[in-house]
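Any read-out appearing in this document is the output of simple, stated calculations on the displayed coordinates, not a laboratory observation. The shown structure was predicted, so the numbers you read here are calculated from the model rather than taken from an experiment. Cβ coordinates were reconstructed from backbone atoms using ideal geometry, including for glycine residues, and neighbour counts include every protein chain displayed.
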Amino acid sequence: MSVLVIAEQRDGTLNRATWEAIAAAQQAGGPVRVALLGTSLDAAAAELAGSGCERVVVAEDPALQSYTADGYVMALAAVIAEQQPALVFFPHTYQTRDFAPALAARLRRPLVTDVTGIKKDGDRLIFVRPMFQGKLSADVAPSGPAPHLVTIQIGAFRADALARGGAAAPIDKAAVQIDAATIRQKPEPPFREAKQAVDLSQAARIVSVGRGIKGQEHLKIAEQLAQALGAELAASRPICDAGWLPMERQIGSSGQTVSPKLYVALGISGAIQHLVGMKGSRTIVAINKDADAPIFEVADYGIVGDLFEVVPAMIAELEKK
């Protein structure tokens, strides 16, 4: 059951979700190879060679310097034909969501998206994915000839659980040639709505607020805690729906999925729609007046109390450091 993981990079820097996809591939069993697309990839390929994979496959072509869906589909079709894996894993990022359906259609193979768990049933693998905004989980067993394509939800697998090998894996060059004239998209610089726009999936620390903040005027206390922790500010859906924070800072099934080292939840009850977006965090700290709030079921540390009393005390202690 060989697995080919498609790494994601921008300007030679690997997306951290790549490591989670490799960790998921290791859970699937069998040899794991990693493919990397783009140009000037020596440093990123060397980094991947220490991931515990069997081999790193590099596909370089001038047409891959900037991401386009057409370019990636053509290059990956060639790489997959060359490597002949049983499974192809991708991190479930915005970029993957753009090209993976087209790749699956070109290969005429099934695509299982947003996978949060892997189970074994004899010789076959069962993939667990959320349904109906996280209210249910479905067990999916793809059928038909290999390879089967699978995207891994960010935060569902721990990158620090990666079983790294002792020696660096060999790095091979894939035979990829792309006619730039066949690429229909014209790449432009990545879109940013505002200077404050942030990809929360890459944040190491996050302070998130919910209804317990009571009013927009009280967001300042959360901002102060975030500043003291060197963290990004985020929110549950009601806060963003009210316009108190931009939608790009929403976490949950209809927002971003995150897996920071530290997640501090302020006044968040813990509805399932929010939990599916942050339960992969390494350390979760919850502050809520309601001792029965569902957030405490996933929290590593819970404080039952008034956030307007607890947070200023935390800020004071952090500033002493």
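A few comments on the model shown:
- Spread over its residues, the convex hull of the C-alpha atoms of region 148-240 is 246 Å³ per residue.
- Taking a sphere under 12 Å around the Cβ of residue 19 and counting the other residues whose Cβ falls inside, with K and R at +1 and D and E at -1, yields a net charge of -1.
- Whether region 185-321 is rounded, prolate or oblate, judged on the alpha carbon gyration tensor where a/c under 1.5 counts as rounded: prolate
- Taking max minus min of the alpha-carbon positions on each principal axis, region 1-97 gives extents of 34, 25, 23 Å, largest first.
- Greater than 32 Å apart at Cα, pairs in 135/173; 214/321; 173/279; 119/220: 135/173; 173/279; 119/220
- Protection proxy ranking, peptides 117-128, 44-55, average beta carbon neighbours within 10 Å, highest first: 44-55, 117-128
- Computed over the chain: relative contact order in percent, which uses C-alpha pairs under 8 Å that are six or more apart: 16
- Relative protection proxy for 277-288, 258-269, from highest mean packing down: 258-269, 277-288 (other beta-carbon atoms within 10 angstrom).
- Each residue of region 65-73 is assigned a 3J(HN,Hα), and the resulting list reads 4, 10, 5, 9, 4, 4, x, 5, 4 Hz, derived from the Karplus form 6.51 cos²θ - 1.76 cosθ + 1.60 (θ = phi - 60°), x at Gly and Pro.
- Here the chain is assigned +1 on the Cβ of each Lys and Arg and -1 on the Cβ of each Asp and Glu. Its dipole about the Cα centre then comes out at about 340 debye.
- Entry for Cα extents along the principal axes in Å (calculated from the structure that is shown) out of (1) 54, 51, 36; (2) 61, 46, 38; (3) 65, 48, 39: (2)
- Computed over region 1-55: relative contact order in percent, which uses C-alpha pairs under 8 Å that are six or more apart: 41
- Between residue 138 and residue 81, the simple spin-label model (points 7 angstrom out along Cα→Cβ) gives 3.1 nm.
- For the pair region 279-297 and region 33-64, the centres of their Cα atoms are 39 angstrom apart.
- By DSSP, the beta bridges lying fully in the chain are antiparallel in about 20 percent of cases.
- Derived value for region 80-176: Kirkwood hydrodynamic radius 15.1 Å. Basis is the mean of 1/r over every pair of different alpha-carbon atoms.
- Annotation: lysines with alpha-carbon distance below 25 angstrom to residue 186 (same-chain offsets under eight excluded): 195.
- Each label point was placed 7 Å from the Cα along the Cα-to-Cβ direction; for residue 120 and residue 300 their separation is 2.8 nm.
- Phi to ³J(HN,Hα) by Karplus 6.51 cos²θ - 1.76 cosθ + 1.60 over region 284-291, Hz, x for Gly, Pro: 10, 10, 10, 10, 7, 6, 8, 5
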